[in-house]
1. Pulled fully out, how much extra length does the chain show between residue 25 and residue 133, if you take 0.36 nm times their separation in residues and subtract their Cα-Cα distance?
2. In which sequence would 136, 85 go, from the one with the fewest C-beta neighbours within 10 Å to the one with the most?
3. What nm distance separates the two modelled labels at residue 50 and residue 89, each placed 7 Å from Cα along Cα→Cβ?
4. Quickly work out the residue 140-to-residue 102 label distance, labels modelled 7 Å from Cα along the C-beta direction, and quote it in nm with one decimal.
5. From Cα pairs below 8 angstrom and at least 6 apart in sequence, can you work out the relative contact order of the range 18-172, rounded to a whole percent?
6. If you rank 84, 92 by fewest surrounding Cβ atoms within 10 Å, what's the result?
7. Report the residues of the range 85-113 in range of a label on residue 162: point 7 Å along Cα→C-beta, backbone N strictly under 11 Å from it.
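Where a number appears in this text, it was derived from the coordinates with a stated rule and is not lab data. For clarity, every value in this text was computed on a predicted model and none was experimentally measured. Neighbour counts run over all protein chains shown; Cβ positions are idealised from the backbone, glycine included.
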């Protein structure tokens, strides 16, 4: 008998390409920065109420914009993880190929809607700046740059999800994927013997 023992490997979904993992990391970092900015601005607003000096109006304005930017900036990140708010009525009834077709249809519809919204956001960004925000003085058309980027990334993630469904877990499942070795060939195991750890 041979002492060669191997483990059976249950192959799950293939990990996302390196570019998509890098993009996820960048989106998560941007989301973290926006949450930190939002927290700092709200804390500053709360602290200003107890100071004898006048408040800074721009903190409230920037906090509101940060919340909107956070929403759009994280849309693609959530789309990649199937983490956005959905009603999964069909998922409980449909299984297998039917569930996959419903997923493809939903992702195509999301891609179409996001592409149309991206077109409108692009139109708003490229218009001449006529107005500025009251407190900070940012041109209003510049406010739409982050939503435009978020909508384009959500469109990209929707198209990718049509061909590569989202994994069941998070990216943590694929962090060390490069270190995984291929399982040994089946002919290495004697016939009738089960692979064990």
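1. Numbers: separation 108, 0.36 × 108 = 38.88 nm, distance 3.09 nm.
Roughly 35.8 nm would be gained on extension.
2. Values: 136 12, 85 5.
Listed from fewest to most nearby Cβ atoms, that is 85, 136.
3. 4.9
4. Between residue 102 and residue 140, the simple spin-label model gives 4.2 nm.
5. Numbers: 145 pairs, mean separation 43.7, N = 155.
About 28 percent, as a whole number.
6. Values: 84 14, 92 8.
With the fewest neighbours first, 84, 92 line up as 92, 84.
7. Output list for this probe position: 104-113.
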